[in-house]
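Please treat every number below as a calculation from the coordinates, not as lab data. Just so you know, these numbers come straight off a predicted model, no measurement behind them. Cβ coordinates were reconstructed from backbone atoms using ideal geometry, including for glycine residues, and neighbour counts include every protein chain displayed.
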Amino acid sequence: MTETLGYIHSVLTGGTLDGPGVRYVIFMQMCPFRCLYCHNPDTWFKNPLGARTVESVYQDILKYNDFFNFTGGGVTLSGGEPLVQPKFALDLFKKLKDVNIHTCLDTCGYVELSDDVKGVLEYCDLVMLDIKHLDSDMHLKLTGKDNKRVLEFLDYLYSINKKTRVRQVLVPTFTTDEDYINELILFLDNYSGIIEKIELLPYHKMGVEKWEKLGIKYKLSVPGPDKSVVEKIKNAFINSGYDII
Ligand code: SF4
């Protein structure tokens, strides 16, 4: 039997930003979106040189088990979009749950709800879901795709009672005005039973250099949000009863 290969962009062994505790973060190749602010455009494309078997990744992860136990950490599949390769994600998460390692999926949610994807979610302890924009046209402008599948994905997470952390990138002119934030809070209230935390990510231009290196034109020409705006948005969520990180 041939083992499933995963096309991996890179691995971070001491991650502290992608889920609880210290984490082994696997950045998978390929993504269905082309977000205007993407800071990992080098993950968009398939590179056969990054092919790894589930077993080889699993054996490497086991070396860090003490760190996971000590810090409440585990493994995060990120990207790119990890659900572009659901079979690899499923096989890896299954093995990790067999040895009780915490699993986290960082996803844009733009996927077909196939049996493999549903399987990944079954073996996933925490989903970190990016909401790019609630308005489908704005979503299209920001990512190149509408948001129908993402909202269906969130509905599915709710139907299976999956613990979810919602991530919102704060991009001036797209996602920082008061009306949008109020609309987002009202929308998320429908899912509050599964929402563990809200993560607000102020837009920054740290990825621009990568775009230039890849010869892709960086088209987003807004500055990052003011600190006062970010604080105001944070408070709006806190006042509505959400935990913020
Ligand atoms: S979903 Fe993530 S990896 Fe994909 S384009 Fe958007 S920011 Fe980049």
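Give me the net charge of D179's neighbourhood, meaning all other residues with Cβ under 14 Å from the Cβ of D179; Lys, Arg count +1, Asp, Glu -1. Result for the neighbourhood of D179: -3. Couplings for segment 34-44, taken from phi via the Karplus curve 6.51 cos²θ - 1.76 cosθ + 1.60 with θ = phi - 60°, read 9, 4, 4, 9, 3, 9, 10, x, 6, 8, 5 Hz in order; Gly and Pro are left as x. Each principal axis of the Cα cloud of the chain was taken in turn, and the coordinate range along them, longest first, works out to 53, 43, 33 Å. Overall, segment 5-239 carries a charge dipole of about 540 debye about its Cα centre when +1 sits on the Cβ of Lys and Arg and -1 on the Cβ of Asp and Glu, all other atoms neutral.
I'd like the FRET efficiency for E178 and N100, computed as 1/(1 + (r/R0)^6) with the beta carbon distance as r and R0 of 51 Å, rounded to 0.05. Approximately 0.70, to the nearest 0.05.
The alpha carbon convex hull volume per residue for segment 115-245 rounds to 129 Å³.
Most tightly packed first, judged by the mean number of other beta-carbon atoms within 10 Å of their residues, the peptides 213-221, 195-203, 85-93, 232-240 read 85-93, 195-203, 232-240, 213-221. Within the set K95/K162; K46/K205; K94/K163; K46/K145; K132/K197, which residue pairs have Cα atoms separated by over 26 Å? In this structure, no pair lies more than 26 Å apart at Cα. Within the chain, DSSP assigns beta bridges of which about 25% are antiparallel (rounded to the nearest 5). By the Cβ-Cβ criterion of under 4.7 Å, the unpaired cysteines of the chain are C31, C104, C108, C124. Each of Y110, M30, L214 was placed along the dipole of the chain (beta-carbon charges, centred on the mean Cα), and the one lying farthest toward the positive end is L214. Phi angles across segment 183-192 convert, under the Karplus curve 6.51 cos²θ - 1.76 cosθ + 1.60 with θ = phi - 60°, into 3J(HN,Hα) values of 5, 5, 4, 4, 5, 5, 4, 5, 10, 4 Hz, Gly and Pro given as x.
Amide H contacts for E199 (H built 1.01 Å from N in the peptide plane; partners 5 or more residues away or on another chain; cut-off under 5 Å): V166, R167, Q168, I245.
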